[in-house]
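To start, the structure under review is shown below, and the notes come after it.
All of the numbers you see were taken from the coordinates with simple rules; none came from a lab. From a predicted model like this one, the values you see are computed outputs, not experimental measurements. Reconstructed Cβ throughout: ideal geometry from the backbone, glycine too, with neighbour counts over all protein chains shown.
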């Protein structure tokens with residue numbers, strides 16, 4: 001989905017392009033290649049006789065894949081289970097072994113990092129998260145490229161923990177958005193992925209203003225100049241957010257951004273549906289020109305929706321309200337104060353892969369959406385537990401290959417998790433992909449029809 005222009009407008013622009021130049025990139029490979037990042041050509045039908053068939057006039061494209069996952073959290077049970085008393089070290093290397101191939105296969109992979117690395121020897125979890133540095137080893141090994149840090153736990157150890165965490169990101173070579181170490185830096189970016197430029201932003205809504213006098217995050221007063229280092233907004237006072245996003249979109253586009261993707265930490269925890277506030281903010285972000293919204297914070301998966309701009313019906317926005325928990329110790333046994341029916345949903349997450357296509361005409365689409373429901377398999381391992389993120393469609397088809405057994409309820413719980421998540425997305429994703437296949441086919445057909453018409457005389 002190219003969310004800026006209707007097909008009609010794109011075709012009009014295409015006619016102008018054809019009148020100026022017929023010089024386009026040559027095809028490098030075909031549609032059927034297994035590499036998800038590729039350059040190729042797309043032809044809906046063979047040009048009629050008389051149409052120049054030189055490679056220079058062929059409609060070509062480049063595809064990239066962007067993978068996004070939900071919340072990474074480390075509770076004390078996870079930390080204790082990963083600790084080796086003989087070596088005094090922590091090992092999280094098994095967490096992502098069943099999804100590593102999917103993450104690494106993407107051209108770019110993003111996940112929400114909901115803890116700190118405060119450089120303190122004493123680690124902790126809820127309500128103030130501080131994790132061992134080795135968690136980054138497993139995340140890096142899994143293939144993630146960018147960490148989101150605009151969330152309600154980024155300030156759990158105040159300025160020291162906030163800055164130390166960003167410093168560790170830098171040491172490990174992670175890119176990050178939503179936070180910065182100095183007011184002069186940018187907390188958002190244009191990311192060029194094989195010639196396709198994405199404008200990336202990240203915000204959290206978990207800021208409150210008690211008595212309207214000061215800002216807090218996770219109940220901690222923000223001071224030491226840190227407020228200007230975080231991309232935050234006050235729930236119920238979103239006008240400042242809209243003004244800033246509008247300015248940043250203009251800047252990102254001026255720097256070449258072709259698609260605007262905004263990651264946002266919002267909503268209410270443990271709600272299976274987005275609250276009204278999320279819907280209001282999402283619609284306004286759509287009006288501002290955001291192309292894709294990907295949410296986190298509720299710790300359960302929430303639905304997706306395709307929003308249409310009220311001011312410009314040709315513009316639409318893909319919105320995933322929440323990708324749920326990617327890995328944590330939140331599970332059906334850990335909540336005594338949460339509704340019994342909701343508890344299993346905290347074990348579930350969603351990996352979303354967008355295939356983004358750029359044509360030699362300059363047109364950019366979200367060509368298709370692929371999603372993979374995930375589940376945290378927690379099972380006894382020695383004196384603690386092992387935690388594995390498993391891709392549910394694959395794991396339920398071949399349980400043994402993903403470490404699922406009947407004895408620890410892995411098979412049954414994975415099957416139940418798939419039924420919780422997959423029906424929410426199967427129909428809207430299929431509808432989107434079908435619509436985009438039709439739109440891209442019409443675009444390609446129009447290209448060759450207009451090429452024929454422009455050269456016939």
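Thinking of the chain as a set of Cα atoms, what percent of all their pairs are more than 40 Å apart? Could the numbers behind the result be given before it?
Details: 23111 of 104196 pairs.
Counting pairs separated by more than 40 Å, the tail of P(r) holds 22 percent.
At full extension, residue 370 and residue 240 could sit 43.5 nm farther apart than now, given 0.36 nm per residue minus the alpha carbon distance.
Just the number, please: percent antiparallel of the DSSP beta bridges in the chain, rounded to the nearest 5. Please list the in-between numbers first.
Working: 54 of 86 bridges.
Close to 65 percent.
If R0 is taken as 56 Å, the Cβ-Cβ distance between residue 401 and residue 312 corresponds to a FRET efficiency of 0.70.
Determine, from the Cβ-Cβ distance of residue 336 and residue 181 and an R0 of 30 Å, the FRET efficiency 1/(1 + (r/R0)^6), rounded to the nearest 0.05. About 0.15, to the nearest 0.05. What the Cβ-Cβ distance of residue 134 and residue 427 gives, at R0 = 51 Å and to the nearest 0.05, is a FRET efficiency of 0.80.
Please work out how much length the chain gains when fully extended from residue 159 to residue 250, using 0.36 nm per residue of separation minus the C-alpha to C-alpha distance, in nm with one decimal. 29.7 nm is the gain from fully extending residue 159 to residue 250.
Placing a pseudo-label 7 Å from each Cα along the Cα-to-Cβ vector at residue 438 and residue 268 gives an inter-label distance of 3.7 nm. Put the Cα centre of the range 156-217 next to the Cα centre of the range 77-128 and the gap is 20 Å.
Given the DSSP H assignment, sum -39500 (n - 2.57) over each helix run of at least 4 residues in the chain and divide by its residue total; what's the result at 222 nm in deg cm²/dmol, nearest 500?
Values: 9 runs with 132 residues, N = 457.
Rounded to the nearest 500, it is -9500 deg cm²/dmol.
Grouping the Cα pair distances of the range 288-344 into 5 Å bins from zero gives a pair-distance distribution of 5, 17, 20, 16, 13, 10, 8, 7, 5, 1 percent in increasing distance order. The range 395-421 and the range 286-351 have their alpha-carbon centroids 23 Å apart. The gain in end-to-end length when the residue 224 to residue 452 segment is fully stretched comes to 75.6 nm, 0.36 nm per residue minus the alpha carbon separation. Can you classify the range 295-429 as rounded, prolate or oblate using the Cα gyration tensor, where a ≥ b ≥ c are the square roots of its eigenvalues, rounded means a/c under 1.5, and otherwise it's prolate if a/b beats b/c and oblate if not? Verdict is prolate for the range 295-429. Taking max minus min of the alpha-carbon positions on each principal axis, the range 227-308 gives extents of 38, 31, 18 Å, largest first. Size estimate for the range 122-189 follows the Kirkwood approach: the inverse of mean 1/r over distinct Cα pairs works out to 12.6 Å. A simple spin-label model places the labels of residue 84 and residue 279 5.1 nm from each other, with each point 7 Å out along Cα-to-Cβ. For the pair residue 94 and residue 122, label points projected 7 Å from Cα toward Cβ lie 3.0 nm apart.
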